[in-house]
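Asker: Dropping the structure in here first, questions after.
Just so it is clear, none of the values below were taken in a lab; they were calculated from the coordinates. All figures in this text were calculated on a predicted structure; none of them were measured in a lab. Positions of Cβ are generated from backbone atoms using ideal geometry, with glycine treated the same way; all protein chains shown enter the neighbour counts.
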């Protein structure tokens, strides 16, 4: 065995597997000394645990010594392998799979080399070493143009550099089902709201004051306010447009409000307040 492989008894299972899986994935191998397929699979798992060097922990449970645990987890045949993350079973398989199949199984849950490099780049980014981070992100994308972490990272950097158009082109490429999309969506919304940054807010305020029914001036004012991140006033102006003419600018006021909600987050007080007012206006 190696430092990434441990033997776990029934008494140790909660701490060694469930608790440890909160920090790192734990692959549990349910086996027995008399099981020939177990003796085939076991060395493969141990080899991979050493190769991955801490990306996961291999926990070996002898079902003869821990029958109650095996029963509680529904083990009906061995070898049985279960992957635990955050205290829960994430995936599993039964039988002595060949090494390529085990590698494929692990690849769905463990970080790839590109993932590790993206994590390194993110650390450099947080340390203010933007140029180094961008080089790593771009290297990843040269070989994998759809790598979500790299797209997100380089999009963030380009935003900070004041290149919104290119930043948006990267962020928009992130798959809608990728975990990174949750972080990308507020950034995308912020970038789209900034497109109104060239509006003359002072002149538009005057135009709206002179003619409150001028929806174009009010809409443009709201865009300018949103671009300057004056979200409360922007939401109020957009809401007035929605109440007056829902279809104005292709339903643009409602869409802009939703983008602001995305930027602020669902638990923000302004989101809660104006989402309710928007719903009342739409369904009155």
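Asker: Give me the residue from the stretch 237-248 that is surrounded by fewer than 16 Cβ atoms within 10 Å (Cβ to Cβ) and either closer than 18 Å to residue 188 by Cβ or touching a residue at least 24 places away in the same chain (Cβ under 8 Å) (or both) and, out of that set, nearest to the chain's Cα centre (by Cα). Explain how you work it out, then say what you get.
Answerer: Step one: list which residues in the stretch 237-248 are surrounded by fewer than 16 Cβ atoms within 10 Å (Cβ to Cβ), which gives 243-247.
In the following step, the residues that additionally are either closer than 18 Å to residue 188 by Cβ or touching a residue at least 24 places away in the same chain (Cβ under 8 Å) (or both) were identified as 243-246.
Working: 243: 35, 244: 38, 245: 37, 246: 33 Å.
Among those that are surrounded by fewer than 16 Cβ atoms within 10 Å (Cβ to Cβ) and either closer than 18 Å to residue 188 by Cβ or touching a residue at least 24 places away in the same chain (Cβ under 8 Å) (or both), it is 246.
Asker: Another one. Quick one: how many residues across the stretch 38-71 are in a helix (DSSP H, G or I), over 33 Å from the mean Cα position of the chain (by Cα) and surrounded by fewer than 17 Cβ atoms within 10 Å (Cβ to Cβ)?
Answerer: Looking only at that region, the number is 6.
Asker: Does residue 104 qualify as being part of a helix (DSSP H, G or I) and under 30 Å from residue 9 (Cα atoms)?
Answerer: yes
Asker: Sort out which residues of the stretch 48-75 are more than 17 Å from residue 8 (Cβ to Cβ) and touching a helix residue (DSSP H, G or I) at 6+ places or on another chain (Cβ under 9 Å), and write them in order of number.
Answerer: Scanning the stretch 48-75 gives 48, 52, 55.
Asker: Here's a check for you: in the stretch 249-274, which residue that is without any contact (Cβ under 8 Å) to a residue 24 or more places away in the chain and crowded, with 18+ Cβ neighbours inside 10 Å is nearest to residue 193 (Cα to Cα)?
Answerer: Step by step, filter the stretch 249-274, then rank; the result is 257.
Asker: While we're here: I'd like the full set of residues that are touching a helix residue (DSSP H, G or I) at 6+ places or on another chain (Cβ under 7 Å) and farther than 17 Å from residue 91 by Cα, limited to the stretch 1-30.
Answerer: Result: 1, 2, 4, 5, 6, 8, 10, 13.
Asker: Now, a different point. Out of 175, 107, 143, I need the residue that is exposed (fewer than 13 other Cβ atoms within 10 Å of the Cβ) and under 30 Å from residue 77 (Cα atoms). Which one? If you could, list the steps in order and put the result at the bottom.
Answerer: Details: 175 fails: under 30 Å from residue 77 (Cα atoms); 143 fails: under 30 Å from residue 77 (Cα atoms).
Just one listed residue meets the conditions, 107.
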